[in-house]
Amino acid sequence: MKKDFLNNKNMKNYFFILSAALISLYSCDLYEAPVSNVDKKAIFSSAEGLEAYTISFYNALPNIVEAEQTLVDYGSQMSINSYVFQGAYSETTSSGWDWSLLRNINYFIVNCIDPAVPEATRNNYLGIARFFRAYFYFDKVKRFGDVPWIDKPLDVDDEELYAPRDSRELVMEKVYEDLQFASANITRTTDATGCSMVTKWVAYAFAARVSLFEGTFRKYHNLSLTTSADTWLKRAEENASQVINNSGKSLNASYRALFTSDNPPTAETLMAVCYSAALSVYHNANWLWTSSTMGSAENLIRSFVNTYLQKDGTPYTSRAGWQYEDFYEEFQNRDARLAATLRTPGYLRDGNIALPEFNGYARLGYQPIKLCVDATNKDGKTENTNAMPLFRYAETLLTYAEAKAELGTLTDADWAKTIGALRARAGITGGLDTKPTEVDNYLKETYFPSINDPVLLEIRRERAIELVLEGFRFDDLRRWKRGELLKMSWSGMYIPAINEALDVDHNGTPDVIYYTTDEALDAAKDAIDWNTYAASCVTVKVSQDPAATTIQVHEAGDGKGYYLTWRTQEDFRRVWGNKQYFYPIPSLVMVKNPNIKQNQGWENGATNDGN
C-alpha cells in the first residue's frame, strides 16, 4: 500500500517530519496526554503535508493473513481459542481497549483547518481521517458494545478521561456520520497505486458493511434503540447501491486470482493490503497454510465443505450416498470455489500433483490454499507478496442482497445480479435468475435452525463460501446471534477404511495409510509392496479413542468407514454464552476510570463459563 508513497521524494520529506511529530501520539493511551515538539504548520499548511499525515492512518488496517484462523465455526485449529475454552478468559486476560490510533486521527481532524489549503482539499483528507475514525470505532463497538465517544485529542485534565461509556446508539450514529462525510468528500475514485488507498467507493462499501452489521445485530439481538434495525438495513442497501451503480466495479473472472496476485485485480478489488519485494515488505501466508506447527494450522471441517453446492445449483447433500463419498468423489461437480479454496484432486504445485499433507498440516484432510500462492518456494518463509483484499465488490453484492432480503424487498432481478452473478462465476448453472423457494434442510438444521426463509438461508450460504478465510465469519456469527456454532465438533473427511492403503485421488496408486498400531501398519505395507510406493504414500497414526491427543477416527455408521476427527475430547470444554457476544473490559481500565462499568456477565472476575 505504501510503496508508491515511499518512492516519492517529496512525500518522503513530509513523512519524516510527520514521524517526529507523531512519536508521542502513538505512545499514548486514553489516560496520557500527547505532546508534539514539531511545528504542526509544516504538516497542515499544504495538501502534501495532509496526504503524508493520512498515510499514518493505514497502520490501523488488519492483516487478513491471520485475521480468521481461530474464532470460526468452519475450521479446526491446533488448539482451542481461549475465548471459547471454558474458564480460560476473563477481564484480567482481555485486551483491545487501546486508543492511541484514535488520538492520532482526532489530532489531525482538529488541526486540519488551515485556510492555506482549499476547503475541498481539506475535506478530502478529513474524509479519509473520518473513514479511519469510523473504522476504529466500529471495531470497538463490535468488541465491547458501549464505548466512550471521543472526538478530540485529550489533555491530562480533560473530564472525558473519567467519563462513563456512551451508548451504542450515540456512537454508531457518529460512526455513520463519519462515513457519510467520507463518502461525500473523498475525491479519489480510482487508485493508480493498485487498489491500496481509501477511495470514495471504499467509503461507501464500508458504510454498507457497517450498516448491515448494525441492522442485523439489532434485529437478532432484539435491541430496542432509537434507530431501528430496518433503518440500518436500508442504509446498507443504499450505500451498497452506490458502489454497484456508480463505481464501475465488476466481478473478476478468476476467483483464485483475487488472492494470489501481487497486483490485485482492479475489476473487483476496491482496496487491498499490498506487499513489495523491492521494499522487502512481505507476509507469511504460505508458511501459515503449509506448516503444521506455524499458526493455527486450520483445516476446514466436513459440515462446512458439505454446504458447497453442486454445479447444477442443487445441494451436495441431496445426492445419494454423500455421507460416504471419499476425497475424490466429494469434489466432483461442485462449486468451483471449493477447488480455489482447498487442495482438491488435481491441484498442482510447481507442476506436480499436491495432495493435502495428510501426515502434517491436513489433520482433517481439508487443507486451505485460498491465501497462498501455488509456488513452493514461499513455504517456510516470510516472503509472500500476493496482495490481500480488504474490500471486494463481491462483498458489496452480498451486503446488498442480505439487506434487501432482511427487509423483504429482494426481487428476482436483485437475486440475479448478486447471488446469481457470484454463483455463475463459480461455474454453477442452476438457480441463477430466480430466488429459491425451497429450504435446504441440511443447511437449516446444521447452521440456522431458526431461519425458515429459503432466500436468507441461501444468502448466508453464499456469504460463508465467497468470503471464507477473509476475516468476516466471527462478526457474522455475532450479528446473527449464532455464536454457539463455535462449539461445533471438528470432523473431517471420510475414509473408507483404516489399516490399509488408500488411493484418495483415484489415480491408481496408494496415497495414505491411516493406521492404529505398528503391527497394522506393517501388514498394510506388505499388502502393497511398500518398496514401490514408499516415496509417495504417507502414513498417519490415528486413534479410535476420543480422549486421544492424536488424530482420531470415528465410525461413519452402517459399517461404512470412518471420519477423521480432531480434539474430540475437548468438545465439552468449548463454551458459548450470551455474555460472549461482547468481550469483557480489561480490569485495568476500570481501575483507572471507576466510571467505566463491566459488561454484563463478566463482573467480578467471572470467566467464560457458557452462561
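The values are calculated or read from the model by the stated rules, or taken from the named source; none is laboratory data. This one's a predicted model, so the numbers in the text were calculated from it and none came from an experiment. We place every Cβ from the backbone using ideal geometry, glycine too, and count neighbours over all the protein chains shown. Heads up: the accessible areas ignore ligands, DNA and RNA and are worked out on the full protein's heavy atoms, side chains in. Shrake-Rupley method; radii C 1.70, N 1.55, O 1.52, S 1.80 Å.
Just a few scattered comments:
- Linear extension gain, Leu348 paired with Ser276, 0.36 nm per residue minus alpha-carbon span: 23.4 nm
- Net length available on complete extension from Ala534 to Asp518 is 4.2 nm, with 0.36 nm assigned per residue and the Cα-Cα distance removed.
- Rounded to two decimals, the Cα-based Rg/Rh of segment 375-417, with Kirkwood Rh, is 1.35.
- Sites listed here are GluC sites (Glu not before Pro) in segment 385-480 whose DSSP assignment is loop and whose Cβ has at most 10 other Cβ atoms within 10 Å: Glu438.
- Sorted peptide list for 231-244, 342-355, 163-176, criterion being average Cβ within 10 angstrom, highest first: 231-244, 163-176, 342-355
- Separation between Cα centres of segment 185-232 and segment 103-182, rounded to whole Å: 16
- Neighbours of Thr399 by Cβ distance under 14 Å: Lys/Arg scored +1, Asp/Glu scored -1, total -2.
- Scaling the Cα radius of gyration of segment 412-508 by the globular reference 2.2 N^0.38 Å produces a ratio of 1.37.
- In the chain, the portion of solvent-accessible area held by carbon and sulfur atoms comes to 49 percent [1.4 Å probe, whole percent, DNA, RNA and ligands not counted].
- Contact order relative to length of the chain, as percent, for alpha carbon pairs under 8 angstrom and 6 or more apart: 17
- Calculated mean residue ellipticity at 222 nm for the chain: -10500 deg cm²/dmol, from DSSP H runs with n ≥ 4 weighted as -39500 (n - 2.57), summed, divided by the residue count and rounded to 500.
- Three semi-axes describe the equivalent ellipsoid of segment 317-363; taken as square roots of 5 times the Cα gyration tensor eigenvalues and ordered largest first, they are 22, 14, 9 Å.
- Principal axis analysis of the Cα atoms in the chain yields extents of 83, 53, 48 Å, listed in decreasing size.
- Segment 286-303 and segment 493-526: distance between their alpha carbon centers, rounded to Å: 23
- For the chain, the longest principal axis of the alpha carbon atoms and the long axis of helix 518-527 meet at an angle near 70°.
- From most to least packed by mean Cβ count within 10 Å, the peptides 561-574, 126-139 give 126-139, 561-574.
- Derived from the Cα gyration tensor, the three semi-axes of the equivalent ellipsoid of segment 251-407 are 27, 24, 13 Å, largest first.
- Pairs of alpha carbons in segment 318-456 separated by more than 18 Å make up 69% of all such pairs.
- Per residue accessible area of the chain, 1.4 Å probe, in Å²: 38
- Each of Asp230 and Glu555 was given a label point 7 Å from its Cα along the Cα-to-Cβ line. The distance between the two points is 5.4 nm.
- Calculated FRET value between Asp609 and Ser250, using beta carbons and R₀ = 60 Å, to 0.05: 0.80
- Cα point-scatterer Debye curve for segment 197-264, base-10 log of I(q)/I(0) at q = 0.12, 0.23 Å⁻¹: -0.43, -0.94
- Across Lys249/Lys370; Lys370/Lys487; Lys249/Lys404; Lys140/Lys417; Lys219/Lys597; Lys444/Lys579, pairs whose alpha-carbon gap is larger than 27 Å: Lys140/Lys417
- Here the gap between Ser82 and Met590, fully extended at 0.36 nm per residue and compared with their Cα-Cα distance, gives a gain of 180.7 nm.
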